[in-house]
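Asks: If you scroll down you'll find the structure; I have some questions about it.
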Amino acid sequence: MVYRDRVDTIKLILETANGGSVTKTMIMYKAFLSHDHLQEYLLILTENDLLCYDKVMRTFQTTEKGIAFLQAYNEMGQILKEGQPLYLQNDSG
């Protein structure tokens, strides 16, 4: 079994719920999480407005903030993959 950190798990959850409403079960299977772990992540992600829950349909969907997180995650991955040095915005030289 491959170890994943929290950020990778969050990415998987947000990707699963991006583009449409998905059930808890679908997220659990696509993100390879136990029910207990899924509950923890869903609570954290909804409290931080990265996921929204539709009480009527009982589904989750990635929010605009969640999509921004995915974009930042993917940009960081590209930077690290390309071997580009990381600079802070205030770095003058």
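Asks: Out of region 19-58, which residues are open to solvent by less than 30 Å² (accessible area, probe 1.4 Å) and in contact with a helix residue (DSSP H, G or I) (Cβ under 8 Å, 6 or more places away or on another chain)?
Replies: Val22, Ile27, Ala31, Leu33, Leu38, Tyr41, Leu42, Leu45, Leu50, Leu51 - these are the residues of region 19-58 that are open to solvent by less than 30 Å² (accessible area, probe 1.4 Å) and in contact with a helix residue (DSSP H, G or I) (Cβ under 8 Å, 6 or more places away or on another chain).
Asks: Mind listing whichever residues of region 60-73 are open to solvent by less than 100 Å² (accessible area, probe 1.4 Å), of a type in the set (S, T, N, Q) and either farther than 12 Å from Gly19 by Cα or not in a strand (DSSP E or B) (or both)?
Replies: Thr63 - this is the single residue of region 60-73 that is open to solvent by less than 100 Å² (accessible area, probe 1.4 Å), of a type in the set (S, T, N, Q) and either farther than 12 Å from Gly19 by Cα or not in a strand (DSSP E or B) (or both).
Asks: Restricting attention to region 1-57, which residues are part of a helix (DSSP H, G or I), polar (S, T, N, Q) and under 13 Å from the mean Cα position of the chain (by Cα)?
Replies: From region 1-57, those part of a helix (DSSP H, G or I) are 6-17, 24-30, 35-47; that's our starting set.
Pick out the ones that are also polar (S, T, N, Q) and you get 9, 16, 25, 39, 46.
Within region 1-57, Thr9, Thr16, Thr46 qualify.
The values are calculated or read from the model by the stated rules, or taken from the named source; none is laboratory data. Nothing here was measured: the structure is a model prediction, and the numbers come from that model. Every residue, glycine as well, gets a Cβ built from its backbone with ideal geometry; the counts of neighbours run over all protein chains shown. Only protein heavy atoms, including side chains, enter the accessible area calculation; ligands, DNA and RNA are left aside. Shrake-Rupley method; radii C 1.70, N 1.55, O 1.52, S 1.80 Å.
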